[in-house]
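Here is the structure we will look at, set down as C-alpha cells.
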Amino acid sequence: MKDTNKLIIANWKMNPQTKKEAEVIFNKISIIVKSQKRVEVVVCPPHPFLFIKDKIKNIKLHLGGQDVFFEKEGSYTGEVSTSMLKNFGVEYIIVGHSERRAQGDSNQTINKKILATIKASINPIFCIGEQKRDNNGFYLSFIKEQIHSGLYGVTKSQMGKIVIAYEPVWAIGSNAIREATPVEFMEMKIFIKKIIADMYDIKIANDIRIIYGGSVNPLNASSFLKEGEADGLLVGRDSLNSKKFGSIISLAATL
Ligand code: 13P
C-alpha cells in the first residue's frame, strides 16, 4: 500500500559548519515535527552530525544519510558503510545525488549503493535528473538509462523501499538556470511511472513514491505537492532555515 503522507526530506549537503549549529537547527525542526500529523520528515545531515538523533530524541523525526559506500567493511579510506549509518538510526540514504554523480559516481556505482542500502533494510532515496533539456527528448532517454541502470537487480518485493527523487540539475542550487514548474514535474512523474510499469508492473508503478527536488521553498512547495502531485520534496538550501523548512512541513501536513 502506498504511504499517502507527504515525505519531506532535508538535504543539508556540506552544512552547517559546527555541531552546535547542527543541533540548533535539528532541535527546531524536531519541535515543529512534534506538532504535525500526516507528514513524514527526514533530515539528512553530514555524517559527522548523525549523533544529533541520539541527543535530540524524537521518534517522529527520521534520520537520513547523504551517501554510502557499497562494500560492507574494510580498507576504503573516507567511506562509510550501511551498518555504520544504521547504527546511528539512519532509515533513508540519498543515493545518486547529482552532486555525487559530479564527483564521479557512475550509474553502476549508484546501482551497487542502492542494492547495499536495500540489503541493510534502509530506504534508498534514488536521485535522478538531467543536466539540461533539449527539444528532441534526449533528456528522456538519459532519465530512462539512469532508472534502468540504478534499479538493475532490484526485485519486485524490494521496490517498496525505493523513493525516487526527480531533481533536474538545471533547477538545483544557487546556480539554477530557472525553477522547474509543477507541470514539468508531473510530466516527468508520469514518464518515470511508465518506465517502472514496463520494468515491474502497474501496481509497483502506482505505489512508488516520486518526490521533487530543486530550489524548493515555502512559496513553490505547495504547487509541486498539489498541482505537480509530488509525493514529497527534497529540500536543499531552505532545509537549513528552520522557519522556511518548518513552513514547508506545515503546508505538506495539511494536504
Ligand atoms: P536546493 O534546494 O538548494 O536547490 O537543492 C536541491 C537539492 O539538491 C536537494 O537534494
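The values are calculated or read from the model by the stated rules, or taken from the named source; none is laboratory data. Please read these numbers as outputs of a predicted model, since none were measured by experiment. Every residue, glycine as well, gets a Cβ built from its backbone with ideal geometry; the counts of neighbours run over all protein chains shown.
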Looking at (1) closer than 18 Å to residue 239 by Cα; (2) without any contact (Cβ under 8 Å) to a residue 40 or more places away in the chain; (3) surrounded by 13 or more Cβ atoms within 10 Å (Cβ to Cβ), can you tell me which one residue 109 breaks?
(1)
Wholly within the range 187-255, helices (runs of 4 or more DSSP H) carrying at least 1 residues that are in contact with an Asp or Glu (Cβ under 8 Å, 6 or more places away or on another chain)
242-253
Mind checking whether some residue in the range 186-202 is touching a helix residue (DSSP H, G or I) at 6+ places or on another chain (Cβ under 6 Å), on the phi > 0 side of the Ramachandran plot and touching a residue at least 24 places away in the same chain (Cβ under 8 Å)?
no
Do you know which residues across the range 169-186 are assigned to a loop (DSSP other than H, G, I, E, B) and either out of contact with any strand residue (DSSP E or B) (no Cβ under 8 Å at 6 or more places or on another chain) or of a type in the set (Val, Ile, Thr) (or both)?
172, 173, 174, 175, 176, 177, 178, 179, 181
Is there any pair with a first residue in the range 25-43 that is touching a residue at least 40 places away in the same chain (Cβ under 8 Å) and a second that is of a type outside the set (A, V, I, L, M) and outside any loop (DSSP other than H, G, I, E, B) whose Cβ atoms are under 6 Å apart and which are 6 or more apart or on different chains, and what are they?
25/242; 28/242; 29/242; 32/246; 39/6; 42/62; 42/64; 42/92
Given the condition surrounded by 13 or more Cβ atoms within 10 Å (Cβ to Cβ) and within 16 Å of the ligand (Cβ to nearest atom), answer yes or no: does some residue in the range 72-89 qualify?
no
Among residues of the range 3-26 being in a loop (DSSP other than H, G, I, E, B) and under 17 Å from the mean Cα position of the chain (by Cα), the residue nearest to residue 43 (Cα to Cα) is 12
State yes or no: is residue 216 without any contact (Cβ under 8 Å) to a residue 60 or more places away in the chain and either under 21 Å from residue 4 (Cβ atoms) or within 15 Å of the ligand (Cβ to nearest atom) (or both)?
yes
Heads up, the helices (runs of 4 or more DSSP H) in the range 34-137 (entirely inside) with at least 2 residues that are modelled with pLDDT of 95 or more are 82-87, 98-101, 107-119
Looking at (1) in a loop (DSSP other than H, G, I, E, B); (2) surrounded by fewer than 17 Cβ atoms within 10 Å (Cβ to Cβ), which one does residue 160 not meet, given that it meets all the others?
(1)
Applying the selection to the range 58-84, what residues are in contact with a helix residue (DSSP H, G or I) (Cβ under 8 Å, 6 or more places away or on another chain) and aliphatic (A, V, I, L, M)?
61, 63, 68, 80
